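Read through the structure below, which is laid out as structure tokens, and then see the notes.
The values are calculated or read from the model by the stated rules, or taken from the named source; none is laboratory data. In this text, all values refer to a predicted model and were calculated from it rather than measured experimentally. Cβ placement follows ideal geometry from the backbone for every residue including glycine, while neighbour counts extend to all protein chains displayed. Surface areas here come from the heavy atoms of the whole protein model, side chains and all, with no ligands, DNA or RNA. Shrake-Rupley method; radii C 1.70, N 1.55, O 1.52, S 1.80 Å.
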Amino acid sequence: MMQKIALIASIILPLWNIPLIVRIIKRRSSKDLSLYWAIGVWVCFLAMFPLGVKSPDIVYRTFTYVNFFFFSIVAFCTVFFHNRPIIKEK
């Protein structure tokens, strides 16, 4: 039972990156986020990825895949939209 709960949490937890992704894209700016933070966190996830993929623990393995996927989108959006001029819609 505990493993099923943890497995569900390992899928749901990274989904909290979606509102951040949407906010960055909607505002077309990530100036409130640090590039050092986004790239630093992503590099740490990248360093942990090989062990997470090889882990026999299904919860950790699932979390590794889902979290790396969604945070990669966050990191990409942060870099792509950082220091871009904000275009005001009419």
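Annotations for the structure displayed:
- Shown for the chain: the carbon plus sulfur share of the solvent-accessible area, taken with all protein chains present and a 1.4 angstrom probe, equals 74%.
- DSSP H segments from the chain that extend 30 Å or more along their own axis, Cα-based, with Kyte-Doolittle mean of -1.0 or above: 58-81
- When the surface is traced with a 1.4 Å probe over the full set of protein chains, ILE39 keeps roughly 80 Å² accessible.
- Taking every protein chain into account, the 1.4 Å probe leaves ASP57 with about 70 Å² of accessible area, to the nearest ten.
- Surface analysis of the chain yields an accessible area of 73 Å² per residue, using protein heavy atoms and a 1.4 Å probe.
- Of the trypsin sites (Lys or Arg not before Pro) found in the stretch 1-81, those that fall in a DSSP loop while having at most 15 other beta-carbon atoms within 10 Å are ARG28, LYS31.
- Based on the reciprocal of the average 1/r between different C-alpha atoms, the Kirkwood radius for the chain equals 14.2 Å.
- Neighbours of PRO19 by Cβ distance under 14 Å: Lys/Arg scored +1, Asp/Glu scored -1, total +2.
- The length gained by stretching the chain between ARG28 and LEU7 to full extension, at 0.36 nm per residue less their Cα-Cα distance, is 4.2 nm.
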